[in-house]
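What follows is calculated from the coordinates using simple rules that are stated; it is not laboratory data. Since the model is a prediction, treat every value here as computed from it, not as a measurement. Here Cβ is always computed from backbone atoms with ideal geometry, including for glycine, and neighbour counts include all displayed protein chains.
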Amino acid sequence: IDIVMSSPVSDKVYTLIDVLNNANFMLSSRNTVTQASGGAAVTINGSSGVITTFSLTTAAGATESMTVNNSLVTTSSIVIVQICDYPGSGIPYVYSTSVGTGSFIVVIRNIAILTALDTALKVAFIVC
């Protein structure tokens, strides 16, 4: 899979190109939501979007999770998540799990050895 990023004047668009299956997926940052508090679930209905987390304080080596409610997600969906912005300390790593009807979970792990995460994280997702 090749990843091509472009920036139109008013929006960021990330295009994932799946060469093996001759398919293109568009990920637009226009579909967005911001988490209200640490550990709170978010609702964002769409095939792609960007989730801004609450300000993170995840210790080195620790994990947090966030439930994402999305009416397009089914038990057979594949949900791809990727960090698209994190200006803080620590080293965040994200992945999706527990994909089911109407929701999935984003796990945020701080893979730094000593430094805690210290600000909000933007996570892009696409539902396939």
Report the label-to-label distance for ASN31 and LEU72 in nanometres (one decimal), using points 7 Å from each Cα along the Cα→Cβ vector. 0.2
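Compute the length gained on full extension between ILE83 and VAL107: take 0.36 nm times their separation in residues and subtract their Cα-Cα distance, giving the result in nm to one decimal.
Details: separation 24, 0.36 × 24 = 8.64 nm, distance 1.15 nm.
Residue separation times 0.36 nm, minus the Cα-Cα distance, leaves 7.5 nm.
Using only the Cα atoms of the range 24-119, build the gyration tensor, take square roots of its eigenvalues as a ≥ b ≥ c, and label the shape rounded, prolate or oblate: rounded if a/c is under 1.5, else prolate if a/b is larger than b/c, else oblate. Don't skip to the end; give the middle numbers.
On the way: a/c = 1.88, a/b = 1.73, b/c = 1.09.
Prolate, because a/c is 1.5 or more and a/b exceeds b/c.
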Using alpha-carbon pairs under 8 Å, 6+ residues apart, how would you state the relative contact order of the range 23-125 in percent? 33
